[in-house]
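For reference, the structure discussed in these notes is given below.
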Amino acid sequence: MNFENILITTEEHIGIVTINRPKKLNALNKATIEELHHAFNALDEDENVRVVIVTGAGEKAFVAGADIAEFADFSVYEGSQLAAKGQELLFNQVERMQTPVIAAINGFALGGGLELAMACHFRIASDHARMGLPETSLGVIPGYGGTQRLPQLVGKGRAMEMILTGGMIGTEQALMSGLINHMVAQEQLIPFCMKIAKKIINNSPTAIASAINAINAGFSDNGYKKEIEAFGECFGTEDFKEGTTAFLEKRKANFPGK
Ligand code: COA
C-alpha cells in the first residue's frame with residue numbers, strides 16, 4: 001500500500017507507524033486519518049505483526065491535533081460528522097485492535113494527537129513531550145473521544161482541569177497522573193517501546209487479544225455519542241468561528257461567549 005502522510009516499517013514482528021507531516025506538526029487531516037485507518041487494518045490482519053508502535057516524524061511533534069485549517073468553516077452537521085467518522089475510522093479502531101498498540105509520544109501531543117495516543121493501549125513519552133486538549137481555546141471541545149478517555153486515564157478532576165483550561169502538561173506530570181506509563185530520553189523512545197513490545201511478543205497472541213477485549217468491555221460508550229453531539233453543536237457558535245479564525249490568523253481569540 002502506498003501512503004503519502006504516513007510511513008510503515010516492520011522489524012522483529014513490530015510494526016512502526018510514523019505520522020509524517022512534520023511541516024504541519026503531523027496534524028491529522030482527513031487524508032491522514034484515512035491512511036491510518038487502512039494501515040491499522042492491514043497491520044491488525046498481518047499475523048507477522050505482533051505489536052504496533054505509533055509515533056510522529058521529527059523531534060517536535062507526535063501530532064499537534066486535528067487539522068484546524070480543514071474544519072474552520074464547517075457547519076454543525078459537518079462538525080458532528082467529522083467527530084463521528086473520525087471516532088469510527090481511527091480512534092475506536094485503534095482501541096479495538098487485537099494487536100497491542102503503543103503510542104510513542106515524541107513531542108507535542110495536542111487535541112486529536114493526544115486523543116490518538118489515548119486510544120492506543122498505553123503510552124510512553126520522551127522527556128520533552130507536551131500534552132494537552134486545547135480545544136476549548138478554539139471554541140470547540142475534544143471530539144475524538146478525549147472527554148471520555150482522559151477521565152478514564154487520569155480521573156475526572158484532572159481531566160476537567162486539563163480540558164477546561166486547555167493547558168499543556170509536561171511528561172513528569174503526565175507520568176504522575178497516569179496519562180503515560182514511562183518517560184524516557186528522546187533517543188531511547190523507540191528502543192524502549194521495542195523492549196516492552198518484545199515482552200508482549202513472548203505472550204500468547206490469543207490471550208492478549210482477549211485481554212484487550214475484556215479491558216475495553218469495562219468502559220461504556222454512551223459518552224462518546226454525547227461528545228459527538230456536543231462537538232457538532234460547537235460549530236454553530238460564534239465562539240467557534242472566532243477561535244478557529246484567531247488560530248489561523250495567528251492571534252489570540254476574543255470570545256463573544258455565544
Ligand atoms: N492544524 C493545522 N495546522 C497546524 C496545527 C493544527 N492542529 N498545529 C500546527 N499547525 C501548523 C501551523 O499552522 C504552522 O503552519 P505554517 O508554517 O504553514 O504557518 C505549522 O504547523 C507549525 O506550527 P506553529 O504554530 O508555527 O509552531 P509553534 O512552534 O509556534 O507552535 C504549537 C507549536 C503546537 C503550540 C502550535 O502549533 C499549536 O498551538 N497548534 C495547534 C494545537 C491545537 O490547538 N490542537 C487542537 C486542534 S483541535
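Quick look at the numbers
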read-out: Which listed residue, of Ile215, Ile200, Ile228, Ile190, is β-branched (Val, Ile, Thr), assigned to a helix (DSSP H, G or I) and closer than 23 Å to Phe74 by Cβ; value: Ile228
read-out: Condition met for Glu11 (away from the ligand (no atom under 16 Å from the Cβ), over 17 Å from Cys193 (Cα atoms) and of a type in the set (D, E, K, R)); value: no
read-out: Residues (over 14 Å from Asp221 (Cα atoms), part of a helix (DSSP H, G or I) and either touching a residue at least 12 places away in the same chain (Cβ under 8 Å) or touching a Ser or Thr at 6+ places or on another chain (Cβ under 9 Å) (or both)) located in the stretch 141-161; value: Leu153, Val154, Arg158, Ala159
read-out: Residue ranges of helices (runs of 4 or more DSSP H) in the stretch 1-97 with at least 1 members surrounded by fewer than 16 Cβ atoms within 10 Å (Cβ to Cβ); value: 30-45, 68-71, 76-86
read-out: When residues of the stretch 37-70 are limited to those that are of a type in the set (A, V, I, L, M, F, W, C) and either modelled with pLDDT under 95 or within 16 Å of the ligand (Cβ to nearest atom) (or both), the one farthest from Phe240 (Cα to Cα); value: Ala57
read-out: Those residues of the stretch 135-151 which are open to solvent by 10 Å² or more (accessible area, probe 1.4 Å), within 14 Å of the ligand (Cβ to nearest atom) and more than 13 Å from the chain's Cα centre (by Cα), in sequence order; value: Glu135, Thr136, Ser137, Leu138, Gly139, Ile141
read-out: Members of the stretch 237-252 that are more than 14 Å from Ala69 (Cβ to Cβ), buried (at least 17 other Cβ atoms within 10 Å of the Cβ) and within 13 Å of the ligand (Cβ to nearest atom); value: Phe240
read-out: First in the stretch 1-16 and within 27 Å of Asn203 (Cβ to Cβ), second anywhere and at pLDDT below 95 and not β-branched (Val, Ile, Thr), Cβ under 9 Å, 6 or more apart; value: Ile8/Met1
read-out: Condition check for Gly155: farther than 17 Å from Thr18 by Cβ, within 16 Å of the ligand (Cβ to nearest atom) and of a type in the set (Gly, Ala, Ser); value: no
read-out: Residue check for Met176: in contact with a strand residue (DSSP E or B) (Cβ under 6 Å, 6 or more places away or on another chain) and open to solvent by 80 Å² or more (accessible area, probe 1.4 Å); value: no
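The values are calculated or read from the model by the stated rules, or taken from the named source; none is laboratory data. In this text the structure is predicted, and so the values were computed from the model without any measurement. FYI the Cβ positions are ideal-geometry reconstructions off the backbone, even for glycines, and counts take in every protein chain you see. These accessible areas exclude ligands, DNA and RNA; they are computed on the full protein's heavy atoms, side chains included. Shrake-Rupley method; radii C 1.70, N 1.55, O 1.52, S 1.80 Å.
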